[in-house]
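Asker: Just dropping this structure here.
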Amino acid sequence: MLRGLRPYVEIVGRPPVRWTLEERMAHHHVPGISIAVIEGGRIAWARGVGVKTAGSADPKDAVTPDTLFQAGSISKPVTATAMLRLVERGTLQLDTDVNRYLATWKVPENEHTAKEKVTLRRLASHTAGLTVFGFPGYERNQPLPPLVQILNGTAPADTEPVRVDAVPGSISRYSSGGTLVMQLLMTDVTGKPFPALMEELVFGPAGMTHSTFEQPLPAARAGEAARAHLGEGETIPGGWHVYPQMAPAGLWTTASDLARWAIAIADARAGRSKALLSQATAEQMLTPVKGGYGLGPVISGSGRSLEFGHGGSTVGFNCTLTMYPEIGAGAVMMTNNEEGGQALLNEIMLALAAEYGWPDGAPMRVTAIELSAASAAGVAGSYALLAPVGGTAEVKQEGGRLVMLAPRLPKEELIPQSETEFVMGTLGYRVTFKREAGGKATGMTVDGGGMVVEGTRKP
């Protein structure tokens, strides 16, 4: 099973590609990975491969199933679970204006909130019209701003203010800022610190014995944690970033603990367990609101192919959770390299889907066309990427093929589908170039990973 890794894209006319896990970890500069596989509604197996810190030969540095990783945005559906438990208790209501609950800060009112309000349902489903896509966190020696300063975007906060800039309920737009509002609301209403609240409402009932939202991670637990690594495998200063934005990004956990959460949600939906949620609430959680989001998780498919889950990345970590509740199957994978980790996760998931016969596990099959040298040269160059990604993407010709190097992504071959349409050879993201009359590209659009990113050609 761990010898059958494969690219997301299979190119017609080329022989199928298969790799071992160790080969791809080395290729993507991923020092360590933790995997938990769910079959028959239980954890079938869990294992760690590699090391917590790149280059380490210390046996104590080996990744095990108990190694802690930063879960990034997988924090969001776990947080939403606690919020829904408070709704079930009658402490909160899903469709009430959140400003009725918030005490230490209020969502600023404006023309967008005149008739429609920000609610917990909208926060959990990314339909509240709030800003701030994600949070980069803080180095371990940096001062940590209080939540109110982060929400207002005042120093030492390193992100823009969280504000409503679209009518709540009118659009689907991912907002980590919205989940941060949920964090503050839950602590305002209960009077309890967020980590303690999550232990009471989620970790304890689900048996997630290794998980914590404590930020910074307590020094006593630092030895349990994998270190964060950048694209070429270099460890970031201080080992990892700190995220006072706990609800959107601050969960430290294991693959097995997240698998326990996924199983508990699936069991609740099926009426087998009320450890976390009632059947009715679990069904609400796993029903899409808009744009593929339920109340926390990403939802797709139906029947046997119904899938819920979430991805997560912080600086130096990349993780994913997938659960098929109808067949009691899924997987959680956590890596300690943000950039290379994404491609590796896709390759392992395809191998697992083929091994276990999971739905929708077939690679994308594409047919490559031949580009003339002039046509390929027309798209080669540097492109300034717009928000929320930013930075520069480089398109180059290497060995007769076009490749792209972009922030937070591995090097990707661009498989030509037409003169303007391309597919990334590993991730399957679609790249569309805008060409002027002479054939030179003036801009591009990258569509994949839940985002559409525009880029304009640099002079």
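Asker: Which ranges mark the strands (runs of 3 or more DSSP E) fully within the stretch 267-350 that have 2 or more residues being open to solvent by less than 10 Å² (accessible area, probe 1.4 Å) and either among the hydrophobic types (A, V, I, L, M, F, W, C) or at pLDDT 95 or above (or both)?
Answerer: Hits in the stretch 267-350: 307-314, 317-324, 329-335.
Residues checked against (1) open to solvent by 60 Å² or more (accessible area, probe 1.4 Å); (2) over 17 Å from ASP188 (Cα atoms):
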{"residue": "ARG85", "(1), (2)": "no, no"}
{"residue": "GLN93", "(1), (2)": "yes, no"}
{"residue": "ASN99", "(1), (2)": "no, no"}
{"residue": "TRP105", "(1), (2)": "no, no"}
{"residue": "THR113", "(1), (2)": "no, yes"}
{"residue": "GLU116", "(1), (2)": "yes, yes"}
{"residue": "LEU120", "(1), (2)": "no, no"}
{"residue": "HIS126", "(1), (2)": "no, yes"}
{"residue": "PHE133", "(1), (2)": "yes, yes"}
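Asker: Could you please let me know if GLU214 is free of Cβ contacts under 8 Å to residues at least 40 places away in the same chain, part of a loop (DSSP other than H, G, I, E, B) and open to solvent by 10 Å² or more (accessible area, probe 1.4 Å)?
Answerer: When the stated conditions are applied, GLU214 passes them.
Asker: Quickly run through the stretch 228-248 and pick out the residues that are closer than 17 Å to LYS76 by Cβ and open to solvent by 10 Å² or more (accessible area, probe 1.4 Å).
Answerer: PRO244, MET246
Asker: Select from the stretch 217-227 the residues that are surrounded by fewer than 18 Cβ atoms within 10 Å (Cβ to Cβ) and in contact with a helix residue (DSSP H, G or I) (Cβ under 9 Å, 6 or more places away or on another chain) and list them in ascending order.
Answerer: Correct list: GLY223 only.
Asker: Give the residues of the stretch 46-65 that are part of a strand (DSSP E or B) and charged (D, E, K, R), sorted by residue number.
Answerer: Result: ARG47, single match.
Asker: So the check is Cβ under 7 Å with 6+ separation or different chains; which pairs have a first residue in the stretch 1-15 that's under 17 Å from PHE422 (Cβ atoms) and a second one that's assigned to a loop (DSSP other than H, G, I, E, B) and of a type in the set (S, T, N, Q)?
Answerer: Filtered contacts from the stretch 1-15: PRO7/THR426; TYR8/THR426; VAL9/THR426; VAL12/THR367.
Asker: So SER418 clears everything in (1) surrounded by 13 or more Cβ atoms within 10 Å (Cβ to Cβ); (2) more than 13 Å from ALA380 (Cα to Cα); (3) among the polar types (S, T, N, Q) except one condition, right? Which one?
Answerer: Result: SER418 passes all but (1).
Asker: Is the stretch 228-244 home to any residue that is touching a Ser or Thr at 6+ places or on another chain (Cβ under 9 Å), hydrophobic (A, V, I, L, M, F, W, C) and assigned to a helix (DSSP H, G or I)?
Answerer: no
Asker: In the stretch 156-196, which residues are in a helix (DSSP H, G or I) and polar (S, T, N, Q)?
Answerer: Within the stretch 156-196, SER176, THR179, GLN183, THR187, THR190 qualify.
Asker: Applying the selection to the stretch 1-26, what residues are part of a loop (DSSP other than H, G, I, E, B), open to solvent by 20 Å² or more (accessible area, probe 1.4 Å) and farther than 18 Å from ARG47 by Cβ?
Answerer: Listed by number, the residues that qualify are ARG6, TYR8, VAL12, GLY13, ARG14, PRO15, PRO16, VAL17, ARG18.
Asker: Determine the pairs where a residue that is on the phi > 0 side of the Ramachandran plot, located within the stretch 21-39, has a partner that is open to solvent by less than 10 Å² (accessible area, probe 1.4 Å) and in a helix (DSSP H, G or I) with Cβ atoms under 6 Å apart, the partner being 6 or more residues away or on another chain.
Answerer: HIS29/GLY340
Asker: Given the options LEU286, LEU230, name the one that is without any contact (Cβ under 8 Å) to a residue 40 or more places away in the chain, hydrophobic (A, V, I, L, M, F, W, C) and under 22 Å from MET333 (Cα atoms). Even if it seems obvious, please write down each step before you answer.
Answerer: Details: LEU230 fails: without any contact (Cβ under 8 Å) to a residue 40 or more places away in the chain.
The match here is LEU286.
Asker: Additional query: Under the condition of being small (Gly, Ala, Ser) and in contact with a helix residue (DSSP H, G or I) (Cβ under 6 Å, 6 or more places away or on another chain), which residue from the stretch 170-196 is nearest to GLN215 (Cα to Cα)?
Answerer: To start, the set of residues in the stretch 170-196 that are small (Gly, Ala, Ser) comprises 170, 172, 175-178, 191, 196.
With the extra rule that they be in contact with a helix residue (DSSP H, G or I) (Cβ under 6 Å, 6 or more places away or on another chain), the set shrinks to 176, 178.
Working: SER176: 17, GLY178: 19 Å.
That would be SER176.
The rows are residues; the columns are (1) farther than 20 Å from GLY311 by Cα; (2) out of contact with any helix residue (DSSP H, G or I) (no Cβ under 8 Å at 6 or more places or on another chain); (3) touching a residue at least 24 places away in the same chain (Cβ under 8 Å); (4) among the β-branched types (Val, Ile, Thr).
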| site | (1), (2), (3), (4) |
| --- | --- |
| TRP45 | yes, yes, no, no |
| LEU68 | no, no, yes, no |
| ARG85 | yes, no, yes, no |
| TYR101 | yes, no, yes, no |
| TRP105 | yes, no, yes, no |
| LYS115 | yes, yes, yes, no |
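Asker: Pick from the stretch 386-404 the residues that are within 18 Å of LYS440 (Cα to Cα) and of a type in the set (A, V, I, L, M, F, W, C): which of them is surrounded by the fewest Cβ atoms within 10 Å (Cβ to Cβ)?
Answerer: VAL403
Asker: Against the conditions (1) modelled with pLDDT of 95 or more; (2) open to solvent by 10 Å² or more (accessible area, probe 1.4 Å); (3) more than 19 Å from GLY72 (Cα to Cα), where does LEU185 fall short? Just the number, please.
Answerer: Going through (1) modelled with pLDDT of 95 or more; (2) open to solvent by 10 Å² or more (accessible area, probe 1.4 Å); (3) more than 19 Å from GLY72 (Cα to Cα) one by one, LEU185 breaks only (2).
The values are calculated or read from the model by the stated rules, or taken from the named source; none is laboratory data. Predicted, not measured: the structure shown is a model, and the values here were computed from it. Note that we place each Cβ from the backbone using ideal geometry, even for glycine, and neighbour counts take in every protein chain shown. These area figures cover heavy atoms from the full protein model, side chains too; ligands, DNA and RNA do not enter into them. Shrake-Rupley method; radii C 1.70, N 1.55, O 1.52, S 1.80 Å.
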